[in-house]
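Values quoted throughout were computed directly from the atomic coordinates according to the rules given, and no laboratory measurement underlies them. Computed from a prediction, not measured in an experiment: that's the story for all the values here. In this analysis, Cβ positions are derived from the backbone assuming ideal geometry, glycine residues included, and neighbour counts consider all displayed protein chains.
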Amino acid sequence: MMPDTPPPDNCNSPDLSGTPTDESAASPRKAPVSRGLTLEQVIEMTGELEHLNELVLLRLERSGGFTGTEAYFKTVHPVLDMLEIEIRVKCTQETTSGQMKSIVQDWIDREIRELR
């Protein structure tokens with residue numbers, strides 16, 4: 001890849017024919033993550049919901065605690081946005097579900113360490 005060439009739209013890129021590829025028939029541990037997954041689907045697939053919730057609760061605690069639904073959403077939305085960026089940056093067409101779990105888990109761990 002040329003240095004001035006932007007990275008591909010990882011994880012959402014269609015194959016060369018312009019249509020998303022279907023990898024659902026392959027082994028989930030070895031097959032690349034299907035393009036077009038939502039962040040919710042990635043979190044579910046990786047099993048990192050509780051870990052992500054730990055980060056959100058820690059951020060809430062640091063910002064004065066749970067004071068209502070509005071405060072919760074002001075905390076959770078930026079966290080989800082940052083996680084989505086991390087996935088888009090690090091995910092490639094060859095990323096497996098196991099690698100995706102590691103990407104998500106490592107990012108959450110780094111964020112938690114920074115808050116402690």
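For segment 60-116, GluC sites (Glu not before Pro) meeting the loop criterion (DSSP other than H, G, I, E, B) and having at most 10 other Cβ atoms within 10 Å: E94.
Would you order T38, T92 from fewest to most other beta-carbon atoms within 10 Å of each residue's own beta-carbon?
Working: T38 9, T92 13.
Starting with the residue having the fewest Cβ neighbours, the order is T38, T92.
State whether segment 39-115 is rounded, prolate or oblate according to the following rule on the C-alpha gyration tensor (a ≥ b ≥ c being the square roots of its eigenvalues): a/c under 1.5 gives rounded; otherwise a/b larger than b/c gives prolate, and the remaining case gives oblate. Judged from the Cα gyration tensor, segment 39-115 comes out prolate (a/c at least 1.5, a/b above b/c).
A crude spin-label estimate for the pair Q93 and F66, with each label 7 Å from Cα along the Cβ direction, gives 4.4 nm. Extending 7 Å from Cα along the Cβ direction at L49 and again at D109 yields two label points whose distance is 2.3 nm. As a proxy for reagent exposure, ranking H51, H77 by other Cβ atoms within 10 Å from fewest up yields H77, H51.
Amide H to amide H, with H built 1.01 Å from N, T96 comes under 5 Å of V33, counting only residues 5 or more places away or on other chains. Taking 7 Å steps out from each Cα toward its Cβ at S102 and K74 produces label points 3.9 nm apart. Within segment 67-116, none of the chymotrypsin sites (Phe, Trp or Tyr not before Pro) combine a DSSP coil assignment with at most 15 other C-beta atoms in a 10 angstrom radius.
What is the Cα radius of gyration of segment 38-77 over 2.2 N^0.38 Å, N being its residue count?
Values: Rg = 11.2 Å, N = 40, 2.2 N^0.38 = 8.9 Å.
Ratio of Cα Rg to 2.2 N^0.38 Å: 1.25.
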